[in-house]
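S.K.: Mind looking over this structure? Questions follow.
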Amino acid sequence: MAEFVKVAVRSEIEPGQAHLVEVKGQQIALFNVGGQFCALANNCTHRGGPLADGELSGYEIMCPLHGARFDVRTGEVLGPPAEEAVACYSVRVTGEDVEVGV
């Protein structure tokens, strides 16, 4: 069972934005899509690009290095050149706290 760790406060991440957090030595990209928070491993599976620096459009994040696209809700690949999904983390909001399960 995942342990949930507070990583942010809701107001720190505006809708349509990403935020890089570190939990237990892991870099995690945290996304706010219209008030829904999603979390993925920060490294693109193609060449390790920083997804938190990518362009977020709805539930789709595009890697800033080579344009691979992923669904921030599931980590599934939506467009090449990546072929493997990105690790996805559970997120919960408790009051104003955003927590990620690791």
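Values quoted throughout were computed directly from the atomic coordinates according to the rules given, and no laboratory measurement underlies them. None of these values were measured; they are calculated from a predicted model. Positions of Cβ are backbone-derived with ideal geometry, glycine not excepted, and every protein chain shown enters the neighbour counts.
S.K.: Note down the relative contact order for the stretch 51-97 as a percent, whole number, built from C-alpha pairs under 8 angstrom at least six residues apart. Please list the in-between numbers first.
M.R.: Details: 68 pairs, mean separation 10.2, N = 47.
This gives 22 percent for the stretch 51-97.
S.K.: Net charge near residue 57: determine it from the other residues with C-beta under 13 Å of the C-beta of residue 57, scoring Lys and Arg +1 and Asp and Glu -1.
M.R.: Computed value for this residue: -2.
S.K.: Please list, in order along the stretch 2-11, the HN-Hα scalar couplings obtained from phi with the Karplus expression 6.51 cos²θ - 1.76 cosθ + 1.60 (θ = phi - 60°), rounded to whole Hz, x for Gly and Pro.
M.R.: 6, 9, 8, 10, 5, 10, 6, 10, 3, 5
S.K.: For the stretch 78-83, take each phi angle, set θ = phi - 60°, evaluate the Karplus expression 6.51 cos²θ - 1.76 cosθ + 1.60, and give the result in whole Hz per residue in order, putting x for glycine and proline.
M.R.: Residue by residue, the stretch 78-83 yields 10, x, x, x, 5, 10 Hz.
S.K.: Per-residue HN-Hα couplings for the stretch 61-69, Karplus 6.51 cos²θ - 1.76 cosθ + 1.60 at θ = phi - 60°, whole Hz, x for Gly and Pro?
M.R.: My calculation for the stretch 61-69 gives 10, 10, 4, x, 7, 10, x, 4, 10 Hz in order.
S.K.: Fewest Cβ neighbours within 10 Å first, please rank 44, 63 accordingly.
M.R.: Placing the least packed residue first, the sequence is 63, 44.
S.K.: Another question about this same structure. Normalising by the residue count of the chain, find the relative contact order in percent from Cα pairs under 8 Å and 6+ residues apart.
M.R.: For the chain, the relative contact order is 28 percent.
S.K.: Hey, got a sec? Which trypsin sites (Lys or Arg not before Pro) in the stretch 13-102 land in a DSSP loop and have at most 12 other Cβ atoms within 10 Å? Don't skip to the answer; put the middle values down first.
M.R.: Numbers: sites: 24, 47, 69, 73, 92; in loops: 24, 47, 73.
Filter output for the stretch 13-102: 24, 47.
S.K.: So in the chain, which Cys have no other cysteine's beta-carbon sitting under 4.7 angstrom from theirs?
M.R.: 38, 88
S.K.: Can you tell me how much longer the chain between residue 96 and residue 57 gets when fully stretched, taken as 0.36 nm per residue apart minus their C-alpha distance, in nm with one decimal?
M.R.: 11.6 nm
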